[in-house]
Amino acid sequence: MVVAASICFSAQAVSADEPAPVRRTLVPLKGDRMPATLLSISTAGEAAFAGDGGERRLALGELVAWGSPVEPRAMVQLVLADGGIVVLDDAMPITEDDWLIAGAETFGTLKLPLKLLAGVMVHSPIDPQRRDQLVARIMSPVAEKGDAAAENRDRLFLENGDELRGRVVALTDNGVEFKADVGPLSVERDRLAAIVFDPSLRAKPSTAPRTLVGFADGSVVSAKSMTLLEGHAELALLDGPGLAVDDAGPVFVQPLVGRVVYLSDLRPAGYRHLPYLGTPWDYRLDANVEGTRLRAGGAIYAKGVGMHSASRLTWQLDKPYRRFQADLAIDDQTANRGSVVFRVFAGPRELYKSPVLRGGDKPLSIAVDLGNARQLSLIVDYADRADVLDHADWLNARLVP
């Protein structure tokens, strides 16, 4: 059962002594992107923005994104079962029966059912790549390849690299009471890297339309609906109890509703990679080829496709689409290295070929006329130096009917 949760933001009016609201990049489905401030979102799902040209109104279904997620602070973090992140204060969360209780910088005191959680990062790595890898380990339903028995147990990742399996009895201010195979253990907080709750008990992901909403502390949650009127915002989460927020408006909004269809939400029909020297690379959906968050031009992207040269990824489309849109870039993970050519095909016809894009180049925005094609292929080719660090990102890759 999906339980709606309400989040209320009480944003104070900006005084003459306070800085003006930060303008963030507005990417509409039609028209040019521009820096803008989010003013409101109505109950009818219409968003109002203030930019250099005045006020602009868009239905959420006509909005690709406003702003972008920010790097979470290196604090205790909840990893939600749907992949969301909630940044906590520095105190250890505790459990009462089947509930977790914690203090969050943005949301205040939280009380969440354990079934909505994948786990807890007790010591969040400062390095973004290591942090992403830890999140991926927490989200994984299997502890080790081929270890089916570990799927139905809690796990503790320790700071020294060890892993314990068993059952979490309780989270306390000082650490975890844990029943392991060797018997009951008290594991101090300083020894913990992360806590993973039994994946078999997680709530099933909701398929309802949602909007991704991010905050300045790095938290990102999925909302079933959202309103923002006169400095007061409310969100109905896909799952969970009511939450309250004071003086912490969103910095990122990306509706996954309406006319936009993201390729990463569709199942590819085929994939082929031609290794340059024998190292195989798979594609990734909503991640780069290393499996970490999509980062390009100093920004984080929640949606997209990660590929490596030379490869082709194909989709059979269930209906005709008029346009394909995306931002093309080499992932920031390469530290300004790598070089590729991006190509778009509809069946055997090449519709687009990019110039050579290199690590450190700003993302290149494209809009390709598909002519109602029913098959779409994305190709990444070698460029300057064979396939060295050719971590290609198709950012916000989307179809428009």
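The values are calculated or read from the model by the stated rules, or taken from the named source; none is laboratory data. Since the model is a prediction, treat every value here as computed from it, not as a measurement. As a convention, Cβ positions derive from the backbone with ideal geometry for all residues, glycine included, and neighbour counts pool all protein chains shown.
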key: Residue check for Arg295: free of Cβ contacts under 8 Å to residues at least 24 places away in the same chain, among the basic types (Lys, Arg) and either farther than 30 Å from Ala216 by Cβ or surrounded by 13 or more Cβ atoms within 10 Å (Cβ to Cβ) (or both)   = no
note = Checked Gln333, Gln316 against criteria (within 30 Å of Val253 (Cβ to Cβ) and of a type in the set (S, T, N, Q)); the one match is Gln333
key: Residue ID - surrounded by the fewest Cβ atoms within 10 Å (Cβ to Cβ), chosen from residues in segment 49-75 that are part of a loop (DSSP other than H, G, I, E, B) and at pLDDT 95 or above   = Glu71
task = Check whether at least one residue in segment 378-392 is assigned by TED's automatic domain parsing to the domain that holds Gly278, under 26 Å from Gly291 (Cα atoms) and among the hydroxyl-bearing types (Ser, Thr, Tyr), and report yes or no.
result = yes
request  = Select from segment 26-61 the residues that are within 25 Å of Leu364 (Cβ to Cβ), in contact with a helix residue (DSSP H, G or I) (Cβ under 9 Å, 6 or more places away or on another chain) and not hydrophobic (A, V, I, L, M, F, W, C) and list them in ascending order.
outcome  = Pro28, Lys30
message = Filter segment 336-380 down to the residues that are assigned to a strand (DSSP E or B), modelled with pLDDT under 95 and of a type outside the set (A, V, I, L, M) and list them by number.
response = Gly371, Asn372, Arg374
query = Restricting the first residue to segment 176-197 and requiring it to be touching a residue at least 40 places away in the same chain (Cβ under 8 Å), which pairs with a second residue that is among the polar types (S, T, N, Q) meet a Cβ separation below 7 Å and a spacing of at least six or different chains?
reply = Arg189/Asn174
request  = Filter segment 272-319 for residues that are at pLDDT below 95 and not small (Gly, Ala, Ser) and give the result.
outcome  = Leu274, Pro275, Tyr276, Leu277, Thr279, Pro280, Asp318, Lys319
ask   = Restricting attention to segment 318-341, which residues are touching a Lys or Arg at 6+ places or on another chain (Cβ under 8 Å), crowded, with 19+ Cβ neighbours inside 10 Å and not polar (S, T, N, Q)?
value = Phe324, Ala326, Ala329, Ile330, Asp331, Asp332, Gly338, Val341
ask   = Restricting attention to segment 265-281, does a residue exist that is closer than 30 Å to Val22 by Cα, of a type in the set (A, V, I, L, M) and touching a residue at least 40 places away in the same chain (Cβ under 8 Å)?
value = no
